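To keep things clear, I will list the structure first and then write my remarks on it.
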Amino acid sequence: MAKPKIIIAIDGYSSCGKSTVAKELAARLGYNYIDSGAMYRAITLYFLRNNVDFKDSAEILNALADIHLSFAFNEASNKSEIQLNDENVEHYIRDMIVAEKVSEVAAIKEVRAFATAQQKKLGKKRGIVMDGRDIGTTVFPDAELKIFMTASPEVRVKRRFQELYASNPNITLEEVKHNLEMRDYIDSNREESPLRQADDAVVLDNSNLTREEQLEKVIGWVEDRTAANAV
Ligand code: CDP
C-alpha cells in the first residue's frame with residue numbers, strides 16, 4: 001500500500017530549530033522543504049535595496065509586482081535556496097540588516113497576501129515540509145501534521161549567536177537576544193496571521209533533545225499520520 005504524501009507544517013518562535021528538523025525530515029521522506037521565512041527575508045532585502053517606504057501601500061504594491069521569488073536546490077547545502085529575481089540571495093537574507101526589518105515587513109497585509117498565495121501553490125502536490133509562523137494556521141490549515149516548536153529563550157539565543165558569529169565575529173549576544181525578542185513580539189502581536197499554535201498542532205520542545213532524538217520523534221508522528229491516511 002503506497003503511503004500518501006502529506007503536508008507537514010512547522011511553526012514556532014525564532015531560532016527554535018525549525019529549519020533543522022524541516023530539512024532533515026524532508027530529506028528522509030523525499031519531500032520538498034520550503035523555508036517560508038526566506039521569502040519574507042528576500043522581500044525585505046528587496047525593499048531595503050530599493051528604499052521602499054514600508055508605510056506606503058502603493059509603493060509596496062509596485063515593489064511586489066517587480067519581485068519574483070523561486071527556490072533552487074543547492075547540492076552543497078542540501079537545501080532549496082531562495083532566488084530573488086533569479087539572484088541567489090540566500091547569504092544576504094541572513095544578515096542582521098535584514099533580520100532587523102523583516103518582522104516589520106512581514107506584518108504588512110499586502111506582503112502577507114503575496115507570500116501566502118505563493119506558498120499555497122507550492123503545497124498543491126503535497127509531499128512538502130514548510131516552516132514559518134502561520135503555516136499550520138493560515139497557509140495550510142488542512143496540513144495532516146502540524147508541529148509547534150519551542151525551546152527555551154536561552155537555548156534559542158545561544159544557537160542563533162553561534163550561527164551568526166561564524167560569518168560575523170563582531171556580533172554580540174545582546175544584539176542577537178534583542179533581535180529575537182523584538183521579532184517574537186512583533187510576530188505574535190501583528191494583526192495579520194500572528195504567530196500562534198494551531199489548535200490541532202503537536203508541541204515539540206527541543207531544549208533538551210539531540211537532533212537525532214527530535215527527528216525520531218517527528219518521524220513517529222509522520223508514520224501515525226500516513227498510516228491513518230493510507231489508501
Ligand atoms: O530563522 P528564524 O526562525 O529566526 O526566522 P525566519 O523563519 O527566517 O523568519 C524571518 C521572519 O519572517 C520572522 O521573524 C517573521 O517576521 C517572518 N515570517 C512570517 O511572518 N511568516 C512566516 N510564515 C515565516 C516568517
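Each reported figure results from applying straightforward, stated rules to the coordinates on display, with no laboratory input. A quick note: this is a predicted structure, and the numbers were derived from the prediction, not measured. Cβ atoms come from the backbone with ideal geometry, glycine included; neighbour counts cover every protein chain shown.
So the values come out like this:
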| read-out | value |
| --- | --- |
| Antiparallel bridges, percent of DSSP beta bridges restricted to the chain (to nearest 5) | 30 percent |
| ALA58 paired with PHE73, simple spin-label distance in nm, labels 7 Å along Cα-to-beta-carbon | 4.5 nm |
| Highest to lowest packing among 22-30, 145-153, scored as the average C-beta count within 10 Å | 145-153, 22-30 |
| Reachable aspartates and glutamates from LYS177, criterion Cα separation under 16 angstrom, eight or more residues apart if same chain | ASP95, GLU100, GLU154, GLU163, ASP187 |
| Label point distance in nm, LYS125-HIS91, each placed 7 Å from Cα along Cα→Cβ | 3.0 nm |
| Segment GLU223-VAL202, extension gain: residue separation times 0.36 nm, minus the distance between their alpha carbons | 6.2 nm |
| Set of lysines with alpha-carbon distance to LYS79 below 25 Å, sequence-local pairs under 8 removed | LYS3, LYS5, LYS18, LYS23, LYS101, LYS120, LYS121, LYS124, LYS125, LYS146, LYS158, LYS217 |
| With Cα atoms, 0 to 90° folded angle of helix 36-49 axis to the chain main axis | 10 degrees |
| Label-to-label distance, nm, for residues given as THR20 and TYR165 (7 Å Cα→Cβ offset) | 1.5 nm |
| Part-to-part distance (alpha-carbon centres) for region 1-29 and region 169-231, which is given in Å | 10 Å |
| Acute angle (nearest 10 degrees) that the helix 173-189 long axis makes with the longest principal axis of the chain, alpha-carbon atoms | 80 degrees |
| Relative contact order of region 7-226, pairs being alpha-carbon contacts under 8 Å that are 6 or more residues apart, as % | 33 percent |
| Angle between the chain longest axis and helix 211-229 axis [Cα atoms, degrees, rounded to 10] | 60 degrees |
| Potential lengthening between GLU154 and GLU174 on full extension [0.36 nm per residue; Cα-Cα distance subtracted] | 6.0 nm |
| Region 88-127 versus region 137-164: alpha-carbon centroid distance in Å | 15 Å |
| Theoretical ellipticity at 222 nm over the chain - DSSP helices of four or more residues, -39500 (n - 2.57) apiece, nearest 500 | -14500 deg cm²/dmol |
